[in-house]
Every structure is written in structure tokens, then in C-alpha cells.
1. Pairs of Cα atoms under 8 Å, at least six residues apart: use those to get the relative contact order of segment B:156-266, whole percent.
2. Before rounding to the nearest 500, sum -39500 (n - 2.57) across all DSSP H runs of length at least 4 in chain B and divide by the residue total; then give [θ] at 222 nm in deg cm²/dmol.
3. So for B:220, B:254, fewest C-beta neighbours within 10 Å to most, what's the order?
4. Which of B:234, B:198 has the fewest other C-beta atoms within 10 Å, and how do the rest follow up to the most?
5. Cut-off is 10 Å between beta-carbons; in what order do B:99, B:264 appear when sorted fewest neighbours first?
6. Just to confirm the number: angle between the C-alpha axis of helix B:239-268 and the first principal axis of chain B, 0 to 90 degrees, nearest 10?
7. Which whole number gives the average count of other chain Cβ atoms within 10 Å of the Cβ atoms across peptide B:137-144?
8. For chain B, what's the relative contact order in percent, using C-alpha pairs closer than 8 Å and at least 6 residues apart?
């Protein structure tokens with residue numbers, strides 16, 4: 001279980017996170033929605049230990065990761081898989097090498113076992129036969145799928161998705177979401193996703209949290225969020241120009 | 001009680017703002033220098049933390065060393081030829097052309113070889129290194145390494161610094177040898193100096209301390225260039241403009257530090 005307690009973060013006096021409190025249950029798919037530039041990716045970077053909060057805690061199975069450094073933090077990160085917004089694929093490596101990379105670096109598996117697992121994951125994301133290509137030779141949708149394969153190849157307990165469908169056409173958005181649902185059902189990882197693909201995310205989320213002005217304004221199952229009485233939530237999910245959220 | 005800024009005369013407020021700005025600039029500079037120094041310190045510590053990334057080291061030696069060979073040979077040859085030509089013309093005015101060999105060799109081994117080789121490698125490999133690491137930073141590849149619990153310092157920076165320490169002295173040695181033969185081509189083959197005089201006098205005047213002076217310089221330039229270029233790439237700004245600015249800064253700072261450090265080493269080494 002992941003618990004975020006009263007998390008605050010400012011950059012040069014600008015308060016980005018102003019007391020985030022959030023629980024993510026083991027095995028659930030939690031999707032964090034909110035406006036662009038609203039602090040979703042900053043929150044995600046705190047989960048990953050890439051940023052440290054000004055105050056507050058993030059507990060992963062009871063361990064406060066905001067105080068960890070070095071090997072102790074690495075031990076928590078070894079349980080993570082991360083799909084970055086742009087994929088963050090290593091552009092000097094082929095698709096296969098990108099997927100095999102975490103196994104080569106972090107496990108004692110033999111070459112044959114690594115090849116087997118990497119090809120299996122490439123198969124699960126529908127990229128059999130594409131392993132020899134470089135990231136700049138494949139489409140945006142394929143890059144996202146390679147990133148998902150790389151994040152899942154070590155069979156992590158917790159997977160973070162940072163806007164995994166941004167910039168894709170609606171069919172690819174649905175294809176990636178379907179892929180995430182299928183993989184989640186097979187592997188039962190805990191998923192924390194940052195996205196603003198509305199209404200598509202309501203099909204895959206088990207719970208949704210709305211981040212606005214540095215705080216979580218509402219959390220609940222997709223149906224509850226869709227029927228929320230909060231004018232902020234309603235304006236955001238319907239994309240209306242008029243309301244408490246200023247369209248700047 | 002101190003009066004508020006609004007109640008102060010305009011000249012006093014301007015003075016306070018200037019002092020505040022100077023203070024901020026000083027603090028920022030000290031902080032930046034501290035980060036810069038700590039970066040190298042961390043890299044040096046990570047060299048001794050196993051497992052060492054041998055494959056990445058070989059790739060970096062190939063990139064910094066082998067792929068700089070052609071530019072080193074070319075610039076070394078022409079530097080030696082220019083030294084041969086100008087040295088011969090100058091020395092012949094005072095009837096000392098016999099000392100062309102030592103003049104070319106000492107200029108190259110003690111000074112021009114390490115400095116020019118380092119400047120050439122900075123332009124060819126250093127700038128590319130900053131751009132590569134900078135692009136990895138802005139495309140989140142460095143973050144990806146971090147969250148995979150693979151320390152970027154071990155994976156990216158240590159192989160670069162160690163490759164610099166290995167490649168720079170070797171490239172400098174090649175630059176020196178090619179330059180000496182460039183001087184030989186012009187002085188002996190073109191202008192008619194005796195081959196025995198050129199190499200014989202060189203043997204008499206060039207000592208091991210001269211070679212070691214050039215070696216220590218090239219070794220330290222290897223650290224300086226890889227340190228500056230890796231640091232600038234690692235701490236690059238946002239977007240393509242950030243990478244472009246980091247690359248320019250890396251080349252300019254490396255070049256300036258090479259010249260400053262060369263003077264310092266030249267005045268300290270025997």
C-alpha cells in the first residue's frame with residue numbers, strides 16, 4: 001500500500017503541492033487527473049524518489065521513502081516499474097536491448113533467459129519482430145508500448161504511468177489502455193497513473209483522484225467521480241470553460 | 001527599529017538592492033562551484049564502487065580516443081610542420097638551425113601537444129558528450145536509469161572520466177610524435193637540415209622530465225574536459241535551447257580551463 005501524507009513542495013516560492021493526502025491500495029489502478037501543469041508529474045516524481053518534499057511523507061508498505069537514500073531507496077525502486085511520459089527509451093539501444101536492459105543490469109539471469117523474457121514482454125505488447133529497430137525508427141504508439149514492456153519486464157509490484165497516452169490518436173489511446181488493463185489482470189501490479197484522457201480513463205481506473213491547486217479535491221471510484229457535486233471536478237471532466245478553474 | 005524600504009530615500013534603496021544582488025550572485029556562484037566540485041568528487045568515489053562498467057568504458061575510449069585520431073593526426077602534422085618552418089627560419093637568422101629538432105620537440109612535448117590535443121578533443125568529443133548527456137537528461141533517460149536503481153554517476157559519468165584519463169595522454173603522445181615528424185618533413189626533407197642533427201640534438205635536449213610534464217598536463221586535461229562536459233550535460237537546462245547552451249558553455253569553459261590550468265602546471269612542473 002502507498003500512503004501520501006500532507007505532502008508539500010514549492011519551487012522558487014511557487015507552491016505546487018499544498019498538502020497532498022492520498023492512499024493507493026495494493027493491486028488497484030489509481031488514476032490521478034488534473035490540469036496540465038497542476039503538479040501531477042511533480043507528485044509522481046516524489047513517488048519515484050526523484051524529488052524530495054518540503055514536508056510530508058510517502059509511505060510504501062509503511063516505509064517513509066522521502067527519508068531514504070542510497071541502497072535503501074534503491075531497494076524500494078527495485079519494486080517499481082515506470083512508464084515515462086515520452087517513453088525515456090535509451091536511443092542508442094535497440095527496442096530489444098531497451099527491454100532486456102533492466103534484466104541485464106539488475107538480475108543474474110543468463111543471456112537465454114533474458115532473451116526469452118524480453119521477447120515474451122515484446123509479444124505481450126504486440127511488438128514481436130520489432131526488437132532490432134531503434135526507438136527513432138518506430139512510431140509514437142510503438143514507443144509507448146516498448147516503454148510499457150520495459151517497465152514490466154522485471155515484474156514489478158508497483159507500476160507508475162506518466163501520461164502514457166499523451167499525443168496518441170484515439171484508437172491508439174484505447175489500445176494502450178486495453179493493454180494496461182490486460183497486463184494488470186495478468187500481473188496484478190499496483191498501478192498509479194497520471195492522465196487527462198477523459199472519459200477513457202474511467203474505463204480502466206478502479207479509483208480516480210482529482211488534483212487541483214496542489215491538493216486532492218476528490219477521490220473515489222470512476223462512477224462517483226463522474227457524479228461528483230464538486231464544481232471543480234465537473235468542470236474538469238466536461239472540459240467546460242466557465243467555472244472555478246480558470247482557462248489560462 | 002529599521003525603517004521599511006518604502007520609507008527609505010531612492011538612492012539608499014538602490015544601494016541596498018545592489019548589495020542584495022551582489023550577495024545573491026556571490027551565494028549562487030559559491031553554490032554552483034560547490035555543485036561542480038561535488039560532481040567530480042562523486043564521480044571519483046563511484047570509480048571504486050563495484051561493479052565497474054567495463055563495456056561503457058570501452059565504448060567511451062572508442063568515442064573519445066579512437067574517433068579523435070584523424071583530427072589529432074591532422075592537427076599534429078600541421079602544427080609540427082609550422083613549427084619546423086618558422087623554427088628553421090628564425091633559428092637560421094642566428095645560425096642555430098641545428099637546434100630545430102629540440103625546439104620542435106620541446107614545444108610539442110611540453111606545451112603544444114597537450115594543449116592543442118585537448119582543445120581538439122574538446123571540440124570534437126567534448127561537445128558531443130555534453131549534447132548526448134544533455135539529451136538523455138531532457139528526454140528523462142537519466143531519470144529512467146535512476147528509477148531502475150542504476151546510478152547514472154556509475155553508468156554514465158565514471159566511464160567518461162576514466163576514458164578521458166586514458167585517452168588524453170595517448171592522443172597527446174600521438175600528436176607529439178606526428179608533430180615531430182611534421183617538423184622533420186619540413187626541416188629535413190624540405191629545407192635541407194641534416195637528419196642526424198634534427199634527431200641527434202633532440203635526443204640531447206629532451207629529457208624524461210619534459211615528457212612527464214606533458215604527460216601530467218594531458219592527464220589533468222583529460223579530467224578537466226570530461227568533468228566539465230559531463231557536468232554541463234548532466235545539469236542541462238530545458239529543451240533544445242538548454243542543450244545548445246550547455247554544449248557551448250562546456251566547450252568555452254573547457255577551453256579556458258585548459259589554458260589557465262596549462263599556465264598553472266607549466267609554472268609548477270619542472
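Every read-out reported here was derived from the displayed coordinates using simple, explicitly stated rules and does not represent laboratory data. Just so we're clear, the structure is a prediction, and the values are computed from it rather than from any experiment. Positions of Cβ are generated from backbone atoms using ideal geometry, with glycine treated the same way; all protein chains shown enter the neighbour counts.
1. 33 percent
2. Working: 11 runs with 204 residues, N = 270.
Mean residue ellipticity, 222 nm, calculated: -25500 deg cm²/dmol.
3. On the way: B:220 21, B:254 26.
Ranking B:220, B:254 by Cβ neighbours within 10 Å, fewest first, gives B:220, B:254.
4. Values: B:234 19, B:198 23.
So the residues, fewest neighbours to most, are B:234, B:198.
5. Fewest to most other Cβ atoms nearby, the residues stand as B:264, B:99.
6. Between helix and principal axis, roughly 50 degrees.
7. Numbers: counts 0, 1, 9, 9, 8, 2, 7, 13.
Average neighbour count from other chains, rounded to a whole number: 6.
8. Details: 329 pairs, mean separation 80.7, N = 270.
Result for chain B is 30 percent.
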